[in-house]
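The values are calculated or read from the model by the stated rules, or taken from the named source; none is laboratory data. Predicted, not measured: the structure shown is a model, and the values here were computed from it. Cβ: placed from backbone, ideal geometry, glycine included. Neighbour counts: every protein chain shown.
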Amino acid sequence: MDELNNRPRSPDTESKVAFLRSAAAYAHQPGLVSVIETHMSWLFLADGLVYKLKKPMKFPFLDFTTLGRRRRYCEVEVRLNRRLAGGIYRRIAPLCLDQSGHLALDGDGTVVDWLVEMDQLSEDRFLHTSITKGTVTREAVSLATERLTRFYAGAPRQRRDGQLYLNHLVTESGVNRRLLGRPTSRLPLARTTDLLDRVEALLTLHIPEIRERIAMGCIVDGHGDLRPEHVWFGPPPAIIDCLEFDRRMRIIDPYDELNYLGLECELLGADWIRPLVLERLEQVIGRPPTPGLAATYGAFRAMLRARICIAHLLDPHPSRPHHWPPVARRYLDIAARECLIAEGGEAGGSSHHHVTSGWRPPATERN
């Protein structure tokens, strides 16, 4: 009993973060530690290495509340990201508490948390940075696209679990409606409701085609959240930060995933990337969706991103509250255009034209 009473109390998250902010926490003695807080993690950038500490939080789609769960998801994160990022994801590292109550990475004593250890990547080699600075090249995008398309070509087909993809589309569309349809969303309600109706109608229309694609083996266990900030040009190119905490969100049509990446690049001002990556995907794996379904994918993703923007406003102390509604409205513009294409409107041209036929948005819609 005395030993139990004398055992140091497990530190709270604030104490762990305070320790990991210090350069003394790391064996390689970094000169400076920079700290980034995300919605679900703390990142500690320490002279060439990055350590990621998951927050002990719970949502309907994840549960990081126990030490065992955080360890398991750290292990899953390293394993999954090695598919597209190789050795950048180095290992998981234990954060320990010794008998005197001192914390140490890889130390003695009781493990009180786990961190993912990664190589630190140069910021200027990321796709989003390159687009913003105007330094992005077709060659760099092509090399990254090659890595992605070869990954999709070799990924196991998800015929048995492919229904998870369709379930995800339908479920998330309902969540979009619940959040974006609120009068408090700071979005034009009539227009937003009209777009929600149109996207849901398009998804319903294309359910038979999606089911056919599942049966044909077109669905894979992919990245799950493929955005420009996750594409690093290397060399060699690497795709980081795949979604590890919910497999249902990674079961996806590669054309949906790369189309989403292309739309995000377009929002940053590089509208030429979308047709390039989709054309190469078709060359490597074939079996493209019909133009109507491809545009439906785009409309769905744009509404999902609009919802994520507005969700920031639900935080008790939202960061940059004036930033998110205008960005959400830009996503509504993209969703409206994609709906028009899917419905056979003028922006999409003839329904016989292929999704990768080189279509570009009008100059007035470019960012």
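Across the stretch 164-197, the number of residues qualifying as in a helix (DSSP H, G or I) and either among the polar types (S, T, N, Q) or within 14 Å of Leu314 (Cα to Cα) (or both) comes to 12.
Checking Arg147 against (1) modelled with pLDDT under 95; (2) more than 30 Å from Ile310 (Cα to Cα), which test does it fail? Arg147 satisfies all of (1) modelled with pLDDT under 95; (2) more than 30 Å from Ile310 (Cα to Cα) except (1). Suppose the filter is assigned by TED's automatic domain parsing to the domain that holds Arg227, aliphatic (A, V, I, L, M) and surrounded by fewer than 19 Cβ atoms within 10 Å (Cβ to Cβ); does Ile252 pass it? So Ile252 does not fit the description; no.
Considering every residue within the stretch 288-299, establish whether at least one is within 16 Å of the chain's Cα centre (by Cα) and assigned by TED's automatic domain parsing to the domain that holds Gly134. Within the stretch 288-299 (the criterion being within 16 Å of the chain's Cα centre (by Cα) and assigned by TED's automatic domain parsing to the domain that holds Gly134), the answer is yes, since at least one residue qualifies.
Among the residues of the stretch 192-229, those that are acidic (Asp, Glu), surrounded by fewer than 16 Cβ atoms within 10 Å (Cβ to Cβ) and more than 21 Å from Arg307 (Cβ to Cβ) comprise Glu209, Glu212.
On the stretch given as the stretch 240-264, residues that are farther than 10 Å from His168 by Cβ and touching a Cys at 6+ places or on another chain (Cβ under 9 Å) total 4.
Against the condition touching a strand residue (DSSP E or B) at 6+ places or on another chain (Cβ under 6 Å) and surrounded by fewer than 19 Cβ atoms within 10 Å (Cβ to Cβ), how does Arg138 come out, does it pass? When the stated conditions are applied, Arg138 does not pass them. Among all positions in the stretch 115-127, there is at least one residue which is over 19 Å from Ile239 (Cβ atoms) and either of a type in the set (Val, Ile, Thr) or touching a residue at least 60 places away in the same chain (Cβ under 8 Å) (or both).
Of the residues screened, Pro289 is not one that is under 28 Å from Arg329 (Cα atoms), touching a Gly at 6+ places or on another chain (Cβ under 9 Å) and at pLDDT 95 or above.
The number of residues in the stretch 150-163 being surrounded by fewer than 20 Cβ atoms within 10 Å (Cβ to Cβ) and part of a helix (DSSP H, G or I) comes to 5. Here's a check for you: in the stretch 88-105, which residue that is over 30 Å from Glu229 (Cα atoms) and touching a residue at least 24 places away in the same chain (Cβ under 8 Å) is surrounded by the fewest Cβ atoms within 10 Å (Cβ to Cβ)? Filtering first and then ranking leaves Ser100. When Leu261 is tested against (1) in contact with a helix residue (DSSP H, G or I) (Cβ under 6 Å, 6 or more places away or on another chain); (2) part of a helix (DSSP H, G or I); (3) modelled with pLDDT of 95 or more, only condition (1) is not met.
Here the condition is being over 17 Å from the mean Cα position of the chain (by Cα) and among the basic types (Lys, Arg); of Arg247, Arg280, it holds for Arg280 alone.
Within the stretch 25-45, residues that are in the same structural domain as Asp108 (by TED's automatic domain parsing) and within 18 Å of Ala93 (Cα to Cα) have Cβ atoms under 9 Å from residues that are among the aliphatic types (A, V, I, L, M) and surrounded by fewer than 11 Cβ atoms within 10 Å (Cβ to Cβ) in these pairs: Leu45/Leu32, counting only partners at least 6 apart in sequence or on another chain.
Can you tell me which residue in the stretch 107-122 is surrounded by the fewest Cβ atoms within 10 Å (Cβ to Cβ), limited to those that are among the charged types (D, E, K, R) and modelled with pLDDT of 95 or more? Among them, the one singled out is Asp119. The residues of the stretch 211-258 that are part of a loop (DSSP other than H, G, I, E, B) and of a type in the set (Asp, Glu), listed by number, are Asp225, Asp241, Glu244, Asp246, Asp253.
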